[in-house]
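Quick notes on the structure that follows.
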């Protein structure tokens, strides 16, 4: 009987339990059904929104494409005018007339020559005419491909952010440069996107291929990267990647908008994008819209569903709360026992890992700084055994000050885990660079610092070497840059004279006196240009080892006579006849004929004597050869010029180095002369050195420099 009652009670309890379980099941099914209905309506609404936004984007895209087609056609037409091709005065008039007709949309019309130098621009801007813009990516592209190019956003030579269309100009089949228009980056966006009727609070904006916002109604966005404006938000990054692969579509991302309190903030929006191909590049039209604007028609249904879902959640929550409350008491006790067991196992596992780990590990009391424990690897690394380490404080190992050590300990406790570098002292007195990873752990009831230490001494050494190598490379790059700038100036100076006086010769065809004068000037400037090219070729051959030594008999007196005649004319050309000049061999006539490479010896003297005249204003320049105390033949060139500081005696032989002591005087030159001299002397197996004294104008003290060099040579004993 009792067994029957017990069985009956169990059945009743089971039925009651089934009733309790049935109610939440029904509610869940109902809620899920409502969710499916709402989700279906939501998906349909999104598709309708996408279609509407794509229509707007395509409309704007057609406008932008038509704009570029029209202006590319115009530029191709203008590029065939003879004035544009030949860079005559008519060029400026054609560009001015074209600008006046289109100034509402374009900012400038520019003619660039075949080397990437601005020949003319309208509106006229003298400061940019003659500027070399070949460094700009799109200019390099049109020079290399001879094809029409549309640029990305760039800072124009006129000083504003713009987009350029470059059309190549050809003189028959020869590339003669490009004709370009500059368009302010936001002007096209305002023209084709500003008046788009976007739903609700949505915005339309324009991105370049590289993700630059060409137009955006939000203040401060135009001209900046979309990712920069969105602080590299992951959703924005995902949108950019999708734009690169798909020509159109819709995604959820973030964009900025003006909030009610007049502060800009980033909000999640639906963004439809559409690609506009533009020849060598493409732009993307993006239209953003708030989710609330899309689902405005569903707002009432959504609110009702929210209320229903809230009631369902409350009912289900209360139901399960009632069931779970009784069980929680039993579970808490089981959890407590399990936690104690887990903690004990965790401490034992940590102890095993700590003891046997190959890395150096310490346990430190953060309050007193005492080393609580050290593993075997720590004893081997530091040289003290574990008992000795446990009687030490951490500041007996660390080399920094106590103040610098509490700062870093405070940082450890303010963060769960941190990393920093120290210098640790070993028992043998040596100091090593270490990287310390610190984390706070609890052992029993005590807060302890767990330090993992890695020796990075070798890595630091390599880093220092890399830094030194980087600094050396940067210095080399700086010298090369200075050399290229100097080359540009040195080459342009004679070239400008050659071009200018060549033009004047045409206008003075019947004036023989002026023709001869202009021809002489052109000849001199051509010689200057030839010297520059010879210097560059010489240093190139020296460095590549392509200069063989051709030994022959050389009479020094004859060589000095040739040099004397050459530099006497040179003095007249540079207008320095006031300087006394002398060359002689201070040795017996029987020793004046030697066997060496005469051409290279002459080049060494030409470079040294030219340098002496350049830096000497008054006094004398002398050169020659003599025997020293060891009866070695030594050549020399001396002057009474400005002198060279003692700390620069080695530097001046390096490539591209120029020492100009006077900020008001430009001495010119390529900075290769002495480098060539040193290279030639080295090829001949000799050495070069100098003595110098600086000129001091305040006390009228004269300066001067003497270069000496000796080369292995054989006395031919010819008179």
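Readers should treat all values here as calculations from the given coordinates under stated rules, not as data from a laboratory. Please read these numbers as outputs of a predicted model, since none were measured by experiment. With ideal geometry, Cβ positions are generated from the backbone for all residues, glycine too; neighbour counts draw on all protein chains shown.
Segment 79-184: D in µm²/s via Stokes-Einstein (Kirkwood Rh, Cα pairs, 20 °C, 1.002 mPa s)?
Here the translational diffusion coefficient equals 159 µm²/s.
For the residue pair residue 629 and residue 454, what label-to-label distance in nm results when each label sits 7 Å from Cα along the Cα-to-beta-carbon direction?
Once both label points are built, they end up 6.1 nm from each other.
Applying a 10 Å radius around every beta-carbon, put 637-647, 672-682, 143-153 in order of their mean neighbour count, most first.
Top of the packing list down: 672-682, 637-647, 143-153.
Provide the packing ranking of 212-224, 443-455, i.e. peptides ordered by the mean count of other C-beta atoms within 10 Å per residue, highest first.
212-224, 443-455
For the pair residue 367 and residue 131, how long in nm is the line joining their label points, each one 7 Å along Cα→Cβ?
Reported label-point gap for residue 367 and residue 131 is 6.8 nm.
Using just the Cα positions, wrap segment 421-472 in a convex hull and report its mean projected area in square nanometres, one decimal place.
Over all viewing directions, segment 421-472 projects a mean Cα-hull area of 5.1 nm².
Would you mind computing the Rg to Rh ratio of segment 110-241 from its alpha-carbon coordinates, Kirkwood style for Rh?
1.05
So, by mean Cβ neighbours within 10 angstrom, what's the order for 274-287, 512-525 with the highest one leading?
Result, highest mean first: 274-287, 512-525.
Evaluate the distance, in nm, between pseudo-label points positioned 7 Å from the Cα of residue 59 and of residue 114 along their respective Cα→Cβ axes.
Result: 4.9 nm between the two label points.
How much length, in nm to one decimal, is gained on full extension between residue 331 and residue 160, taken as 0.36 nm per residue of separation minus their Cα-Cα distance?
54.5 nm
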